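Here's the structure, in structure tokens; my notes come after.
The values are calculated or read from the model by the stated rules, or taken from the named source; none is laboratory data. Here the structure is a predicted model, which is why all the values come from computation and not from measurement. Cβ: placed from backbone, ideal geometry, glycine included. Neighbour counts: every protein chain shown.
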Amino acid sequence: MQQRLTPGTVLLLTLPPLLWAGNAVVGRMVRELVSPMTLNFIRWLLAFMVLLPFAASLLRRDSPLWAHWKRFTVLGLLGIGCYNAFQYLALQTSTPVNVTLVGSSMPLWMLATGALFFGARVTRREVVGAALSMAGVLLVLSRGRWEQLAALRLVPGDLYMMLATISWAFYSWMLSRTREPAEARRDWASFLMAQMVFGLAWSGVFAAGEWTLGDAHVDWGWPLAAALVFITLGPALLAYRCWGLGVQRIGPQVAGFFTNLTPLFAAVLSAAFLAEVPQWYHGVAFVLIVGGIWASSPR
């Protein structure tokens, strides 16, 4: 049963979009230094090594989570293998602006996935919330001038980001359908590690295919090392942990609206790095996005 939207849940679901906005910017910055599938594999390999001391017991044969290995195989494929790989692949040919625009369709995919595959009922409140939230995203991307939306052009990377968004929608719905024992879910490190073990295997297969096709490369240096530290500790470990908790508390339909904060955060980060003064439409967009979250949340 869904809980009410509390300040703690809001914090849990706001931090991931902030980190994911940074992930999109960093992924674009290092696209010349490392190929996308290889970047995804190295990222999760490092995350595995960081988490291992806290969840080494998972690797024992008597771990209660291994009874659900089929479920974690799919979670690892969708949330780790596909979503991140498609996003980094998208950033090879698409800009962070276009990637966040495509990603802003997440609430719609959440509602559609839930209704078509998980028997969820779409309420009028959620439709209104989706409309408000999307209006806020479009306002940011248009910089307050709607005619600028006509200048946006879709490229192959945008299709990859659409596939990433659909993968994340299915991943989030599966997270909300918990079947593990309560004590296993409370052991967050093991719960995340169970996904990571299989996700690392999937991403390794994708990276191997990239090297086999001859499209892979890695240019080691401090810029890439710094990027790997950030995307490992932030968008990977911390964001996934917070997102998993938030989805289990409020449900994937409402949680999906928080992903529309990502392009707003991306605009703020761009302003910080480029020394640009925030504009009036950033504030209006924030009100619209928050209004969409409020309108869609349980009363």
Next item on the list: May I ask you to say which residue of Val25, Val10 is over 16 Å from Trp243 (Cβ atoms), β-branched (Val, Ile, Thr) and modelled with pLDDT of 80 or more?
Entry: Val25
Next item on the list: Can you tell me which residue within the range 31-79, out of those that are touching a Pro at 6+ places or on another chain (Cβ under 9 Å) and at pLDDT 80 or above, is surrounded by the most Cβ atoms within 10 Å (Cβ to Cβ)?
Entry: Arg43
Notebook entry, point to check: Which of the residues belonging to the range 227-268 are more than 25 Å from Leu52 (Cβ to Cβ) and within 14 Å of the chain's Cα centre (by Cα)?
Noted result: Pro252, Ala255, Gly256, Phe257, Phe258, Thr259, Asn260, Leu261, Thr262, Pro263, Phe265, Ala266
Item checked: Residue count, the range 210-221 (criterion: exposed (fewer than 12 other Cβ atoms within 10 Å of the Cβ) and part of a helix (DSSP H, G or I)) -> 1
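How many of the residues in the range 1-30 are in contact with a Gly (Cβ under 6 Å, 6 or more places away or on another chain) and either crowded, with 19+ Cβ neighbours inside 10 Å or within 19 Å of Pro235 (Cβ to Cβ) (or both)?
Going through the range 1-30 one residue at a time, the tally reaches 4.
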Item checked: Hey, Gly76 within 16 Å of Thr165 (Cβ to Cβ) and not in a loop (DSSP other than H, G, I, E, B) or not -> no
Margin query: Just checking, does the range 47-61 include any residue being touching a residue at least 60 places away in the same chain (Cβ under 8 Å), part of a helix (DSSP H, G or I), within 24 Å of Ala216 (Cα to Cα) and not β-branched (Val, Ile, Thr)?
Written below: yes
Next item on the list: Being in a helix (DSSP H, G or I), surrounded by 14 or more Cβ atoms within 10 Å (Cβ to Cβ) and in contact with a strand residue (DSSP E or B) (Cβ under 8 Å, 6 or more places away or on another chain) narrows it down to one of Leu228, Leu224, Leu200, Leu192, so name that one.
Entry: Leu224
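Hey, among the residues in the range 240-299 that are in a helix (DSSP H, G or I), hydroxyl-bearing (Ser, Thr, Tyr) and at pLDDT 75 or above, which one's farthest from Pro17 (Cα to Cα)?
Tyr240
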Checklist line | Set Ala150, Ala130, Ala135, Ala115: member being modelled with pLDDT of 80 or more and in a helix (DSSP H, G or I) | finding: Ala115
Check: Out of curiosity, is Ala207 closer than 27 Å to Thr100 by Cβ, part of a helix (DSSP H, G or I) and at pLDDT 90 or above?
Finding: yes
